[in-house]
Structures are given as C-alpha cells and as structure tokens.
Amino acid sequence: MSLAHRGVRSGRSVGRFRVATPPRLYRPGRYVRRRPVITKDLLRVSRRGGYRPQFVAGDPDARRLAARVVGVYQGHVGERRSDLDDALEALEREADDYKLVRGLAALLDREATFETRAPLPPRRARRVAFEAAETVGAASAEERATVLDRAGDRLGVDPSEIDSSLYADRDANRVLAAFDPRWDPEELLVQYDLSLAQTALFDATEVRVRSTDPKALVSAAKRLGLLYEIRVREDGGPTDREVVITGPDALFRRTRRYGTAFARLLRTVAATADEWTLAADIDDRGREYLLELDDGDVSVPGVEPLAEPAFDSGVEADFAARFRALDLDWDLTREPEPLRVGASVMIPDFAFEYRHADFRVFFEVMGFWTPEYVEKKLAQLADVEDVELVVAVDESLGVGEEIAARDHRVVTYSGTVRVKDVVDVLREYEADLAAEVAADLPAEVAPEADAVAVADVAAEHGVPTDALDDVEFPEHRRVGSTLVRPAVLDRVGDEIEAGMAFAEAEDALADAGVTDASAALSALGYRVEWDGLSGGTVREKSP
Amino acid sequence: MPPVTLTYEDGTVRVAGAPAESLPGMEADARSATGRAPAHRYREIREALRERGRDVDDRVLDLPALPALDSGYVLREYQREALDAWEASDRRGVLELPTGSGKTVIALAAIVAAATPALVVVPTVDLLEQWHRELSATFDAPVGRLGGGEQTVEALTVATYDSAYLRADELGDRFGLLVFDEVHHLGGEGYRDIARLFAAPARLGLTATFERPDGAHEAVAELVGPVVYDLDPDDLAGEHLAEYEVRRVEVELTAAERERYEAAQGTFVDYVRDAGIRFTSGSDYQELVKRSGTDPRAREALLAKQRAREVMMNADAKLDRLARILDRHRGERVIVFTAHTALVYRISERFLIPAITAETGTDERRETLSRFRDGTYSRVVAANVLDEGVDVPEASVGVILSGSGSEREFTQRLGRILRPGADGTKTATLYELVTSETAEERVAQRRR
C-alpha cells in the first residue's frame, strides 16, 4: 500500500497518537502464562489412532497458503485493522481449513505494528463530547450535531474532527503501520508447527522426554517449577529410561495446570537437543490421549541444536577425542540419560555402550572445583541408583577410596585421564561379557561366500572378532583375517608361481575375494621378497 | 521423636519427618521423598498433628506484617448475624445474601476479625477497582492489586479470579484469609485451583446465588465451607431496596432487516435440517460448533446464524426506541446494557454516551465509573462487563438491549437498578428492548 493512506483529512495533516502501555509493577510468576499464540479453538489435531497435531511444514499447499496470508498483511499496511480482518476472513472462506489461516495470522500478528491515527487524541475527543452531551442531551440527530458543535468550539476544531476521532483508538479502527515478518513462508510453517505442538501440550497432564541433552531438559524443568523423576522401563534394557515431568500438584490428581510450563519445556528441548522424543498424556475434555513428538516433527526456526552437548572442561573434551580415535567395541556418548539419585538426578559425563550387547557403563570425570562440588558429588555417588559407574578422580582430591567404598570403579588421574586406564576397566567388563556374547554363537559356522573377512562374519553375528576364535568353520580355511574355501584357495594357487610380481599375485587373490594377500601366500607356501618400498617378488618358501 | 517439618511448595504442603499414620490429604511423593498434601489441607494437617501431640516445625505461611485494622462500620442486624455465623464455623463458609445487602461491609468486618493478611478474589476488573477503592478507604494500609494490568502484592490484596489462578502456586503462603466475592465462580474447574493451592486457613465466600445447575457448589463447599448464613431478597425488599418495575418493549425489524435476517436464518435452518440436528439441548449446538471445524458447510451455517443474530440485536428500531427512552428520562441516571460490543459503540457514538466494554482500558474505565458515580456523567452504556455486583449506586433507569436468557444475568442486572436512588426517583424502571417474532423474543419469554 502506498503512503497515500496516511493521507490528508479535513485539509490538515493527520496526527498520530500511540497509546502507551501504562507503567506496571509487574512481577512475573513462574506460571504466569503468556497467551498462547495459537489459541485452543484453532488447534488442529487428528484423533484417529492417537493425538496427532496436523503439522504443515514442507507441505506445498500450506506453503502457498502461508504466502497468501503474508501477502494479505503486506497488502494492508496503511489500512484499518477491521479491513485486514475482513480480508483474512475472505481467505478463510476460500481455504479448506479456516483454522490454519487463523493460526498463521495469529503468528504474523505479532510481527505487525498497529497505531491510532486521528486528528485529535481520541480519549480527549470523547471526554469533551460526553461532557457536552450531558448539558444538551443527544437523543435526536439534531441534538447530536449541536453537541459536536459545542465540543468543537471548546477544542477549537471542526466538529467533524471530533466525530472522526471518537473511537479511532479502538482495535478495529487502528491502522496497520508496519509489517516486518521474521520468517519467510517456509519458516512460518516451521514456527506454526512448533506453536501448534505447544498449544496441544496445554492440555497435557504429564510429559516424558528422552533427549540427547538431558542437562538442558532438567534445568529447564527446574526453572519452570516442575518436578521430575527417572523412570526405567522394566522390560527395556538399561538404556530404556526417560525423564518423567509433572508439577507438584500432579501427585493428587491429573491436572492441566502445568500445560503452559510443558509447552515452554518443549521449546527448550527442541532448541537444545539434536535428537529427542516427547510423549505426553493429554486430557482432552475428559478423554485421554497419547501425544508423541520427536525432532522430526518440531524444530525452532533459526536455531540449530548442537549434535552433542558442549564440553564442561578440557579434560572431558580431550578424553572423548582420544577415546574415539581408538575405535574400540564401545561407543562413547556425551551426557547420557540422567541417573536417579534419591529424589534428584545426576547426569554423568559419558556412557560407554558395548556394541555387541545391551550393556552400558557410565563414566564420570571428577575434577577439582570447590569443596562444595566434591561434597555434592560424593553425596550423589553414595545414593545413585544401581548402575555400572566408573569414576575418574583427580589424585589431588584423595577421595578415591571413599568412592570405591560405594561400589564404583575408580581410575585416578593427574592432569589428563589416561585412556589406557579406562580401556583396561572396559576390558574387564568385556571379559565378563564374553561368555554372554559367545553363548549365542553356534559351535560351527558355514558362510555362504567362497571367501569372506572374519570381521564381516563377526559383525553379522553381532559379536567381537575375538569371539569367533572358538568357532569351527567346517567348509572354510582361515587365512589370516579371511575365511576361504580350500578349493578356491587351490585354484588361485594354480595361478601363482615363484618369480611373479607381488602386485600381480595380490590382484589374483583379490579377484577371488581374498584380501589378506600376505597370509594367503604364506598358506600357499610362498614368501615375498620385498624390493624397496614399491613392490616385491613372490618366492618359494625355503623348506 | 523429631519434629514434623511443614513447608509450602508451589501449591502444596511438603511434610518431612511425617508420622507413619497418614495425615489429611497427604500422600507419599517419590519425587521429593517426602509426604505432600494439597495446600488447602494445611489447617487439617496442623490440627491432626496437634491432636497427636507431635512437635511441628511449621514453616508453611510466610505472612507479611499487617497493621491493626478497624473498619469503623456499624453492622446492620442481619450483617452481624452473618458474621457471627461465619466466626462460629471456625472462619470458614459462604454467606448467601441478595445484591444490595452490603456484602462488602460484612467482608471488611471479617478481615478485621481475622486480623491476618487477606486476599480478596473477584470476578471482574470493575469489581477489582471497587474492592481496591473500598479497602484503601477503609483501612490505613497499602492495598495490592492483581489484575487489570497491575501486579502488586500487599498484606491486603485484591485479585481477579484469573490472576489468582495464575499465581496461586507462588502466592499460596502469603495470606491467612481468602475472601471470594461471587464465590459461585469458584465452582469452575480451573478456578477451584485457587482454593486448593492456597494454604490460608480462614475462608469466606460471598454470593447472591450459591447453587449452580452443574452441582459444582458442592465442590466449593468443600474448599471454602458450607453456606453458614442466607437471606432471601424478599426479606430485604422495601426495607433496604428500592421498588422497581419492568417494562418490556417490542420493536419490529425493518423490511430490509427482515430480508437479511430471513436469508441468514434460512441458510442456518437448511443446514440444520439436512444434518438432522434437533437443538433439543445445548449439546446439539456444541455438536454444530464441533462439526464446523472440519465441515465448511457447518461453519457457513454457524456464521449465518451469527449474522441473523446480529441483524436481530442491531435492529434500527431499537435505537429509535432507545432515543425515546433517553428523551423521556432526561436528567435521570441511566444505564444501558447490551451483550454486543459493536452495538455498545454504535450507541456510544450515536448518543454520545460514555461506553465501558472489555476493550476499555483500566484507567479510562476507572475514570468513567468515577464520573458516573459523582454525577459528571448521568448515562453510561456497557457490555456485560458490569454484570456482577459492581457498585453503581443511584441509577434509576436500566435498559437491556439484548439478553442471553441466563437467569443469573437477568437478576443481577436487575439488582443493580434496585439500589435506592438519590435523584428523587421513587421507583426504578427496567426496560427490556426485544425484537418481535424472532428467536430473541423467545429468549425473553423463557426468563419469565
């Protein structure tokens, strides 16, 4: 819209009166809720087989609609709010889903600035008109004109200026002065989905979260005045645990009182964690539903969650890098799920997850901070739930024995944690796990392939390579790190003769699927006479 | 035995070192590894512990200092009886008294008697203003205000139901007495939390109509106490209240209005017939609203119904009749009511009468009401915001331009006009302007 709308009325430039917000003595409480952006009557949710908000991000139809809603706002800069509302209502009628139009408009409304434009401050115009009406009365149209004349006289303005200012400050009469949306249509849809999920959570009575950033989750819950506990599913493995979040009053009844807090929690979870799932019990006018969300459904526009939480200390960062470089049978996770400590939780620095069994070892690095920190840690370690926990203790703390007395394994360090010390502990667990792992292996294995790497067979059975040492391979011969059928090995052997270049022999073996050339040549009775760094010649082994 | 420690935590009482035998409302909370009870059971828990002779480290209430209070009011006989009944039931309970009987005065006396920080909870911003003014004028103490754009807490504080609900967890340990004005509102599912999450042992409810059709007054009785005193409007009529008469005025739609009405109503009726909705109960209307979420035709029908209603409410003839009424009652104090905000502004602009609606800012609302009270303005047009208990003395003429058909609204609006007038008028008059041969007329019929 052009500036013409700010135009000229009664031959005078139009003044502007911004209604200032009165100063407030405002103490925001924890539960003081900002009004939801998308109100409950605009909630779009499918109740077929669960409780599923109807997300729109990535939907081309929704994107076109979003662009049109943005267009309506842009096209009404300089116009009255009631005209904007009429245009939006017309769009609602055209669209299949009026609630989607209104929801998008609700988000865009926060990006719009409205202001009062009138020749006189409306409140002043009203006061003067009402006072004049008290003396004259305005029952008839003629009397009304007389009243406005008198009011105009008092303020020294034209009566029509009184008339046009009377209620120029009503919302419906205010003018859209500026519209600067933060989002393009696609981002608007992402924001819509987040707001929609938050609105759905307003009716939640309990939420359960798994997140790759539990620290942010737990501190947000505390800040919002919520209580949490760790629930380990009996039938699940040790990793199947979640943080159950409720409010104080939830002990006595199912209550939707904490819905707004849950909605704010969702935003934190989506903004901080790379991977998360959230399950919520929804009380939908007395009917119960389960709402399930994850990082594929909802994200915060313009915020990229960290793939891994930031390290608290250099000791931890350094340890993680060195451990991962070793490529052991253990996966390292930063800040894994929280552990229960009485009525509170503790989030260890790391977890080591064994690749070949559902087994997890937690690892806490205890550096020197303050006596209070050490005291708190010791108390936590005394009460933490029964899990495998290894604690690395700075020697200077001198509390190793105290911790060991609480049934945790202790690794001491000074300066940096030695990876070898931790690996040694993990090896002990491996030894314990070996029997369990091997128990599932058959005594004999006969792979279909003529030649296959031992490591691939191990991977297929989900066991470490060592575990295959006691297994028989009736159809194959083990040649170094490869299993190969004797007939196949013999056939390749025919192609190889003394005096051949090593590279040639290596190619012949590779064609047959045998990758460990040195071991195969040795098995066939040859040795390699190396020639510098570039190559070598195949020779008969000396008898 | 170590003492039992009671602390307040976000709307609950946390019980540490609890006796093995259970306490009223207490349950074991694994999250904190203590006992816990809803805050409103605090008084019973304390009593139970006292009966058992347990040492108690009671840290539940965190009461601000309160200066000595004296209301200076002389109570009328029935007001004294009501207060005594409340005191006799351990400062718990509801007083059911007709509009205009001076419930505020009794509450002020109750605050003096309890001599403890008090929170007065009220349903509207207008009542917030009124109570704030009353408390400030009566007592020599600062008065806090929660709602209408302000959030201040003092030993004496007035809050809207909404603000009290939102901040109950946080402020539940700050008051020894709760006063609920129009206590029947507390029956609403959400508002009950206010009474549940505050620990205040003393509770007083005030209302003209305690019973709710949904039976929720039983829940209120549990949280605030039962009705300990009631009085019929008839007991007071003539003695403390003015005589009044009701005049019902029917107006016709113009031909053009009639046409627009029939068109919109037709769209609605067609859909309803096709969809087989019968409208035998309120839930049928709910059904239509529900369908409108997914069915564009249902939504169109709903919008058409709304248009039809608007034609009816806004009938031009009503404004003509209103002009005649205003003309006839020149110099008298007149309040005009209508449920439709748009109509309020139409009337305000047409007759240049100050308007009060939900859109009106706190400051201007305060100013308008105060100017109406002191006589600067003799007329005011309001949407439903003035419905309950707002102290608007001296008005002798009321005009209702539309009605929802709810009995409570009707009696309470009427009650406002019933107050004794100081402008010399012996009788108050209530006009009801309805459009004839439309659904609106049936609404008026049903109320009789």
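Nothing in this text is a laboratory measurement; each read-out follows from the coordinates by a stated rule. Just so you know, these numbers come straight off a predicted model, no measurement behind them. When we count neighbours, we look across all protein chains shown, and the Cβ atoms used for this are built from the backbone with ideal geometry, even at glycine.
Put in line by how crowded their Cβ is, counting other Cβ atoms within 10 Å and starting with the fewest, B:291, B:91 read B:291, B:91.
Of all DSSP-defined beta bridges confined to segment A:316-473, some 55% are antiparallel rather than parallel.
Charging the Cβ of each Asp and Glu at -1 and of each Lys and Arg at +1, and nothing else, the dipole of segment A:451-540 about its Cα centre rounds to 100 debye.
Amide H to amide H distances under 5 Å link residue A:56 with A:193, where only residues 5 or more positions off or on other chains count and H is placed in the peptide plane. In the protein assembly as shown, the DSSP beta bridges split such that about 55 percent are antiparallel, to the nearest 5. Summarising the label geometry, the points placed 7 Å from Cα in the beta-carbon direction at residue A:386 and residue A:287 lie 4.4 nm from one another. Here the dipole of segment B:77-235 is about 500 debye; that uses its Cα centre as origin and unit charges on the Cβ of Lys and Arg (positive) and Asp and Glu (negative). Would segment B:1-47 count as rounded, prolate or oblate if I go by the C-alpha gyration tensor, calling it rounded below 1.5 in a/c and otherwise prolate when a/b exceeds b/c, oblate otherwise? Since a/c stays below 1.5, the shape of segment B:1-47 is classed as rounded. Estimated from helices alone, the mean residue ellipticity of the protein assembly as shown at 222 nm is -12000 deg cm²/dmol (sum of -39500 (n - 2.57) over DSSP H runs with n ≥ 4, per residue).
Karplus-derived 3J(HN,Hα) values for segment A:124-141, using 6.51 cos²θ - 1.76 cosθ + 1.60 with θ = phi - 60°, are 5, 4, 4, 4, 5, 5, 5, 5, 5, 5, 5, 7, 8, x, 10, 5, 9, 5 Hz; glycine and proline are entered as x.
With θ taken as phi - 60° and the Karplus curve 6.51 cos²θ - 1.76 cosθ + 1.60 applied, the whole-hertz 3J(HN,Hα) list for segment A:338-353 is x, 9, 6, 10, x, 8, 10, 9, 9, 10, x, 5, 9, 10, 9, 10 Hz, x standing for glycine and proline. Relative to the Cα centre, the charge distribution of chain A, modelled as +1 at Lys and Arg Cβ and -1 at Asp and Glu Cβ, gives a dipole magnitude of about 5420 debye. Each peptide in A:353-364, A:37-48 was scored by the mean count of other Cβ atoms within 10 Å over its residues; highest first, the order is A:353-364, A:37-48. Using the Cβ of residue B:264 as centre and a radius below 12 Å, the other residues enclosed give a net charge of -1, where K and R count +1 and D and E count -1.
When each of the peptides A:466-478, A:517-529 is scored by the mean number of other C-beta atoms lying within 10 Å of its residues, the order from highest to lowest reads A:517-529, A:466-478.
Taking Lys and Arg as +1 and Asp and Glu as -1, the other residues whose beta-carbon sits under 10 Å from that of residue A:539 total 0.
Remark: relative contact order (chain A) = 9 percent; criterion is Cα-Cα distance under 8 angstrom and separation of 6 or more residues.
Is the shape of segment B:119-240 rounded, prolate or oblate, going by the alpha carbon gyration tensor and its root eigenvalues a ≥ b ≥ c, with a/c under 1.5 for rounded and a/b larger than b/c for prolate? Oblate, since a/c reaches 1.5 and b/c is not below a/b. For the segment B:34-41, counting C-beta atoms of other chains within 10 Å of every residue's C-beta and taking the mean gives 2. Which is farthest toward the positive dipole end of the protein assembly as shown among A:330, A:217, B:117, measuring Cα position about the Cα centre, with Cβ charges +1 (Lys, Arg) and -1 (Asp, Glu)? The Cα lying farthest towards the positive end belongs to B:117. Take the Cα of residue B:263, step 7 Å toward its Cβ, do the same at residue B:7, and the gap between the two points is 6.8 nm.
The modelled label-to-label distance for the pair residue A:491/residue B:316, using points 7 Å beyond Cα in the direction of Cβ, is 10.3 nm. Between residue A:343 and residue A:503, residue separation times 0.36 nm minus the direct Cα-Cα distance comes to 51.0 nm. List the pairs from A:222/A:376; A:376/A:420; A:222/A:377; A:99/A:222; A:215/A:377 whose alpha-carbon separation is above 25 Å, in the order I gave them. With Cα atoms farther than 25 Å apart: A:376/A:420; A:99/A:222.
Starting from the Cα gyration tensor of the protein assembly as shown, take the square roots of the eigenvalues, sort them a ≥ b ≥ c, and report rounded, prolate or oblate (rounded when a/c is under 1.5, otherwise prolate if a/b is larger than b/c, else oblate). Prolate shape, in that a/c is at least 1.5 and a/b is the bigger ratio. Within 10 Å of each Cβ of A:130-140, how many other protein chain Cβ atoms are there on average? That average works out to 6.
Farthest towards the positive end of the charge dipole of the protein assembly as shown, among the residues B:380, A:398, A:156, is the Cα of A:156, using unit charges on the Cβ of Lys, Arg, Asp and Glu.
Counting only DSSP beta bridges whose two residues both lie in segment B:77-235, roughly 10 percent are antiparallel. For the peptide B:346-353, the mean number of other protein chain Cβ atoms found within 10 angstrom of a residue's Cβ is 6. The protection proxy used here, the mean number of other Cβ atoms lying within 10 Å of each residue, ranks peptides B:182-188, B:325-331 as follows, highest first: B:182-188, B:325-331.
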